[in-house]
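Below is the structure I would like to discuss, written out as structure tokens.
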There are 2 protein chains.
Amino acid sequence: MQIEAPPVDRQRTPADGERRGLIIVHTGDGKGKSTAAFGLALRAHGRGKAVQIYQFMKVPSARFGEHRVFEQLGVPIEGLGDGFSWKSRDLEASAQLARDGWERAAATIRAGEHFLVVLDEVMYPLRYGWVALEPVLACLRERPSHVHVVLTGRGCPPELVALADTVTEMAKVKHAYDAGVPAQRGIED
Amino acid sequence: MQIEAPPVDRQRTPADGERRGLIIVHTGDGKGKSTAAFGLALRAHGRGKAVQIYQFMKVPSARFGEHRVFEQLGVPIEGLGDGFSWKSRDLEASAQLARDGWERAAATIRAGEHFLVVLDEVMYPLRYGWVALEPVLACLRERPSHVHVVLTGRGCPPELVALADTVTEMAKVKHAYDAGVPAQRGIED
């Protein structure tokens with residue numbers, strides 16, 4: 001395991017039985033970080049809860065399998081990126097887009113109208129320095145207490161691990177790519 | 001990482017660009033194994049593919065958030081268990097139920113009518129010895145080549161890791177339970 005759990009901050013430990021929003025992190029180099037977030041979104045929606053999904057590394061026009069189903073279900077899923085990781089030549093424009101995207105996501109979290117807000121692949125703009133960590137931590141700390149937030153992506157900063165309630169490292173044991181198997185439509189996208 | 005990747009079996013490595021079904025394993029002690037399987041099911045369904053979900057540790061009447069949504073979407077999700085892990089007094093009846101469930105799942109995999117078959121929490125009956133490993137491996141090896149199979153649960157046997165194309169270990173870094181936070185409806189079920 002690459003990431004060690006820091007000591008639990010007892011000040012944040014609620015009384016037994018308390019209902020409150022969780023900060024949930026899916027990190028690590030393996031598959032399943034985003035799909036597990038989608039599974040949580042599916043479950044919450046199935047319980048009649050309001051869900052919003054933001055994707056920091058997807059363009060607004062992305063039409064993967066998950067977009068088609070969430071649209072059908074009426075769960076908003078919104079790409080905030082420009083595909084910057086592999087296409088963009090204008091990094092400052094990409095950084096600005098990520099900052100604007102974060103402001104949208106932060107406003108949604110603070111408004112408290114959603115049971116669950118997913119920040120898919122938000123670790124990338126954090127790692128690139130396009131979105132500053134401290135305002136993200138502040139928004140999570142100060143959010144309405146019933147709001148669950150799921151954050152995904154490799155390289156979760158230790159400060160975010162410390163703040164989170166539940167952190168899973170999706171660790172790659174093996175991957176089909178490494179054996180020469182190409183991405184399969186309907187599985188990878 | 002608790003599980004080491006065994007050497008790739010080059011006889012199973014397909015030519016570049018080949019489209020074929022994958023064996024995907026979600027294991028480990030962390031959260032996200034089943035929800036990531038649900039996310040894959042969602043994605044495949046969004047691509048118009050036929051999906052079947054079997055749950056070895058859920059009763060047929062389970063009505064968690066995911067059951068409600070998959071029912072709405074027309075994706076069959078079927079509990080094959082009797083809640084044996086914590087309720088049953090009659091272990092032989094539970095074992096027989098698991099074996100019957102496996103026979104149903106194996107028939108679905110072999111029939112080749114589905115793009116994706118999810119065997120959620122199948123590692124438990126394997127670990128308990130209620131379902132024998134060798135017939136499971138044989139079914140996976142002999143299945144129609146286009147069928148993707150996702151298997152979830154702690155303690156994946158090394159032989160299954162060896163056979164699989166993609167294996168992710170969901171490792172617990174920290175969990176809200178450990179800080180005294182109870183399970184939250186809409187997140188845990």
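Give the residue, chosen from A:44, A:36, that is assigned to a helix (DSSP H, G or I), within 14 Å of another protein chain (Cβ to nearest Cβ), under 13 Å from the mean Cα position of the chain (by Cα) and not polar (S, T, N, Q).
A:36
Matching residues to (1) surrounded by 18 or more Cβ atoms within 10 Å (Cβ to Cβ); (2) basic (Lys, Arg):
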site	(1), (2)
A:72	no, no
A:75	yes, no
A:95	no, no
A:110	no, yes
A:131	yes, no
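Now for a separate question. Going through segment A:144-156 one residue at a time, which ones are touching a strand residue (DSSP E or B) at 6+ places or on another chain (Cβ under 6 Å) and either surrounded by fewer than 16 Cβ atoms within 10 Å (Cβ to Cβ) or within 16 Å of residue A:21 (Cβ to Cβ) (or both)?
A:148, A:149, A:150, A:151
While we're here: Exactly one condition in (1) more than 12 Å from the chain's Cα centre (by Cα); (2) surrounded by fewer than 21 Cβ atoms within 10 Å (Cβ to Cβ); (3) away from chain B (no Cβ under 14 Å) is not met by residue A:159; state its number.
Among (1) more than 12 Å from the chain's Cα centre (by Cα); (2) surrounded by fewer than 21 Cβ atoms within 10 Å (Cβ to Cβ); (3) away from chain B (no Cβ under 14 Å), residue A:159 violates only (3).
Would you mind stating whether residue A:164 is within 11 Å of chain B (Cβ to nearest Cβ) and surrounded by 21 or more Cβ atoms within 10 Å (Cβ to Cβ)?
Criteria met by residue A:164.
Given the criteria touching a strand residue (DSSP E or B) at 6+ places or on another chain (Cβ under 9 Å), without any contact (Cβ under 8 Å) to a residue 40 or more places away in the chain and within 7 Å of chain B (Cβ to nearest Cβ), does residue A:26 qualify?
For residue A:26, the condition - touching a strand residue (DSSP E or B) at 6+ places or on another chain (Cβ under 9 Å), without any contact (Cβ under 8 Å) to a residue 40 or more places away in the chain and within 7 Å of chain B (Cβ to nearest Cβ) - is not met.
Out of A:127, A:141, I need the residue that is surrounded by fewer than 18 Cβ atoms within 10 Å (Cβ to Cβ), farther than 30 Å from residue B:185 by Cβ and away from chain B (no Cβ under 14 Å). Which one?
Matching residue, one of A:127, A:141: A:127.
Yes/no matrix, rows are residues, columns are (1) buried (at least 22 other Cβ atoms within 10 Å of the Cβ); (2) within 16 Å of residue B:189 (Cβ to Cβ):
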{"position": "B:34", "(1), (2)": "yes, yes"}
{"position": "B:38", "(1), (2)": "yes, yes"}
{"position": "B:78", "(1), (2)": "no, no"}
{"position": "B:92", "(1), (2)": "no, no"}
{"position": "B:122", "(1), (2)": "yes, no"}
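Coordinate-derived values only; no laboratory data. The structure presented is a predicted model; accordingly, all values stated were derived computationally and were not measured. Every residue, glycine among them, receives a Cβ derived from its backbone with ideal geometry; neighbour counts consider all protein chains shown.
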